[in-house]
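J.: A single structure is presented below for examination.
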Amino acid sequence: MKLTLRINGSVVEQDADPLARLSEFLRQVLGLTGLKEGCCEGECGACTILMDGAPVHACLTLIFQAHEREITTVEGLGDAGVLTDLQAQFAGAGAVQCGYCTPGIIMSAEGLLRSTLTPSDEEIRHALAGNICRCTGFETIVRAVAAEAARRCEAGC
């Protein structure tokens, strides 16, 4: 099936099995390896991307569901080799350890920050509930997201 997707601002037309997982397509066909395939059951959040601005698990999304949709992966948040402000907040807060879960958590946080200007700690925790991190204990992650929300609000909330 010929599919048209808008990925990280570019239109991609590709013949693909419509029942293939979007995570496989993004990683194996397009080489967008920022998203990770952890559990492939929607439990770990490592494959989180934004679809039309909302966080979704790419491992649970069939590629036909992404047809003519706007897909943003962690690579699409900024320029290669340059941290986004949100990523810099994570680094500054020590919210990154092994890094396996980080792209998915960044995408969940970005989805929240695009929809909620001043999220409470409870809202941040709720938004990140679909992501598993075995290294940080989430306190530093919540602080990093809250700090980025405050920075964005100062810039024009």
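J.: What number comes out for the charge environment of C59, summing +1 per Lys or Arg and -1 per Asp or Glu over other residues with Cβ under 12 Å away?
T.: Taking every other residue near C59 into account, the sum is -1.
J.: Exactly which trypsin sites (Lys or Arg not before Pro) in the range 65-143 are in a DSSP loop and have at most 14 other Cβ atoms within 10 Å?
T.: Filter output for the range 65-143: R134.
J.: Given contacts defined as C-alpha pairs under 8 Å and at least six residues apart, what's the relative contact order of the range 2-77, whole-number percent?
T.: 40
J.: Once fully extended, how much extra length lies between A20 and E43, figured as 0.36 nm per residue of separation less the alpha-carbon to alpha-carbon distance?
T.: Full-extension gain reported as 6.4 nm.
J.: Below 8 Å, C-alpha to C-alpha, sequence gap of six or more: please give me the relative contact order for the chain in percent.
T.: 24
J.: With unit charges on the beta carbons (Lys and Arg positive, Asp and Glu negative) and the dipole taken about the Cα centre of the chain, which residue among V96, L22, S108 sits farthest to the positive side?
T.: Towards the positive end, the residue furthest out is V96.
J.: Compute the signed sum of charges (Lys and Arg +1, Asp and Glu -1) over the other residues within less than 13 Å, Cβ to Cβ, of R151.
T.: Summing Lys and Arg as +1 and Asp and Glu as -1 gives -1.
Every read-out reported here was derived from the displayed coordinates using simple, explicitly stated rules and does not represent laboratory data. In this text, all values refer to a predicted model and were calculated from it rather than measured experimentally. Every residue, glycine among them, receives a Cβ derived from its backbone with ideal geometry; neighbour counts consider all protein chains shown.
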